[in-house]
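The values are calculated or read from the model by the stated rules, or taken from the named source; none is laboratory data. For clarity, every value in this text was computed on a predicted model and none was experimentally measured. Neighbour counts run over all protein chains shown; Cβ positions are idealised from the backbone, glycine included. When the accessible area is computed, the model is the full protein with side chains, heavy atoms only, and any ligands, DNA or RNA have been set aside. Shrake-Rupley method; radii C 1.70, N 1.55, O 1.52, S 1.80 Å.
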Amino acid sequence: FVQETFACAKFPAEYSTKPTPMGSSLYTSPWDFNSITGGTGSRIDFKDTSSVICANCHTTMNHLAPLFANFTSAGAYNATAIQVQTPVISTNPADLVTKTTDWLPAGQTTSWRNGVAAATLPALGTAMAADADVARCAVNRAWNFAMSKGDIVNDLSTVPPVVTDPYVASFTSGGFKMKALLKSILTSDDFVSF
């Protein structure tokens, strides 16, 4: 949800400049393969390479997941316990209790992206606010809203960068003011003649 909503892209969210052959495909994530749990002894094998490389997406996902783990299905925050259940086959409720180590091995920290640590939700917000992809996504979503286009991710209603580059520059240099962004789009020649 966070990736698609705020970065306007599906997973995998990150790509290495040097993909590595692994299993039946290529490992394309920039994260170290061992930065997530998986393999023998793990309850969920995020390192499976038998058909697809699960870690291509899960290296980013697993570094984000613990930040959201304490929210209930209704969106309420429970500060004392992880609310997510681990999807394992068991009739024992204790087996379903998730631990941070189900996502990340000891020594790994939560992050927005590879090399961009985010230990708390406020730190995640700060990291996302500094990400150029997040600013572009906000502008592109505003553009699509004004132009009555579909969703960028689900409908593949993408916007060429050349169209929104001036708006992204104005949005980022102007303090990320959504009202000013919408005004500039709604008074643009593209909108007026649309």
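Looking at region 42-98, which of the residues that are among the aromatic types (Phe, Trp, Tyr) and open to solvent by 50 Å² or more (accessible area, probe 1.4 Å) is farthest from residue 31 (Cα to Cα)? Steps first, answer last, please.
Of region 42-98, the ones among the aromatic types (Phe, Trp, Tyr) are 46, 68, 71, 77.
Then drop every residue that is not open to solvent by 50 Å² or more (accessible area, probe 1.4 Å), which leaves 68, 71, 77.
Working: 68: 20, 71: 26, 77: 29 Å.
Within region 42-98, the match that is farthest from residue 31 (Cα to Cα) is 77.
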What about residue 69, is it among the hydrophobic types (A, V, I, L, M, F, W, C) and over 20 Å from the mean Cα position of the chain (by Cα)? no
If a residue must be more than 16 Å from the chain's Cα centre (by Cα) and open to solvent by 30 Å² or more (accessible area, probe 1.4 Å), how many such residues does region 17-38 contain? 13
Checking residue 121 against (1) over 15 Å from residue 2 (Cβ atoms); (2) loosely packed, with under 15 Cβ neighbours inside 10 Å, only one condition comes out false. Which one? (1)
Which one is least open to solvent (accessible area, probe 1.4 Å), of the residues in region 170-194 that are of a type outside the set (D, E, K, R), part of a helix (DSSP H, G or I) and more than 23 Å from residue 2 (Cα to Cα)? 185
If you take the residues of region 106-117 that are modelled with pLDDT of 95 or more and more than 13 Å from the chain's Cα centre (by Cα), which of them is nearest to residue 43 (Cα to Cα)? 108
Output the number of residues of region 93-147 satisfying the condition of being within 27 Å of residue 183 (Cβ to Cβ), touching a residue at least 24 places away in the same chain (Cβ under 8 Å) and part of a loop (DSSP other than H, G, I, E, B). 2
Residue identified as among the charged types (D, E, K, R) and either under 14 Å from residue 63 (Cα atoms) or touching an Asp or Glu at 6+ places or on another chain (Cβ under 8 Å) (or both) among 113, 141, 136: 113
